[in-house]
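Since every read-out is calculated from the coordinates, none of them should be taken as a lab result. Quantities reported herein were computed from a predicted structural model and do not represent experimental measurements. Cβ placement follows ideal geometry from the backbone for every residue including glycine, while neighbour counts extend to all protein chains displayed.
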Amino acid sequence: MAAGNRRDTAKEALGQHWSFSFPQSIQALKGSCVEIPCSYTRPRTLKPPKVVWYREGQRYYYTVFNSQDRRAALDTYVLRTKHVPDAINSCNLHISNVRSDDEGSYIPEVDDTDAYNLNGTTMRITVIDAPYTINLQGPTVMTEGIPVAIRCSVEHTCGSDPPTLRWNKRQYLPRTGKQYISEGRWEAISEITYSPTYEDDETEIQCSATYPNGQTSHNAAPLNIIYPPKNITVLIRQKEIQEEDDVTLSCFSKSKLEINSYQWFKGVEKIRLSDRDQEITVRNVSWLTEPYS
């Protein structure tokens, strides 16, 4: 198959020794990159393979990549396509700066044997405007002081240049990785071990993805953190107090848990009182009355 010319003669003699493996379709993010996974088998030979990719047109097939002659590719592809070998018999195709008009059907060829003439197969690229949704995984309820693992992941179709994942909690060192799913789909992964604090309760933890084209997306999850009473304060109800008055003291605190009882203490030695209510009344106060807490 040559650019601008369609060859319809099947290579029956070689067909018994040739095969191609690639997905029938793949999605590509506009402005980013895409990698079409492709592998082949061919008759035993010591000759280096010649890998070519074609784009199907209305009447002809056009070269978008040629491993032995980069100039043979269309001007719109010559600087945007390359071979990304990950195995001996690899025919992977990388397209950078994906454009809307890249959408269409593509065909790989190795040593003048192409997949279409071999078995009638092509590979279709569909261009999308928005990236895949970021997935956040972690417990919905946390307890202060107990570390938890929170995982951020997002699918993409450019294995050699994945999106960069970042957290809004910059003080935590993320563990990053990637996982191949199937059919040219990858998953970028970032995980942190988060230590819940009451200050973070009712805020959000956020993960963002930045793609090779600079496009960003993000997802966030609310933080629901259980914590014991904080910021305990004691208030005096009366504005003015005289000796021998009865004084009411009220205890207030910030807590995610329902407070069922209170513990009061008297004096610098903190003698525990039997009162369990939020308020207590101190009878007949004087300047010598010991502090309460």
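Residues that are part of a strand (DSSP E or B), among the small types (G, A, S) and touching a Pro at 6+ places or on another chain (Cβ under 9 Å) within the range 169-202 comprise S182, A188, S190, listed in sequence order.
Checked against (1) closer than 30 Å to N97 by Cα; (2) within 16 Å of the chain's Cα centre (by Cα), Q137 passes all but a single condition, namely (1). Checking E202 against (1) under 30 Å from R80 (Cβ atoms); (2) loosely packed, with under 12 Cβ neighbours inside 10 Å, only one condition comes out false. Which one? Here E202 meets the rest and fails (1). Among the criteria (1) crowded, with 18+ Cβ neighbours inside 10 Å; (2) closer than 18 Å to H17 by Cα; (3) touching a helix residue (DSSP H, G or I) at 6+ places or on another chain (Cβ under 9 Å); (4) not small (G, A, S), the one R42 does not fulfil is (1). Apart from one condition, A149 fits all of (1) on the phi > 0 side of the Ramachandran plot; (2) surrounded by fewer than 14 Cβ atoms within 10 Å (Cβ to Cβ); (3) touching a strand residue (DSSP E or B) at 6+ places or on another chain (Cβ under 8 Å); the exception is (1).
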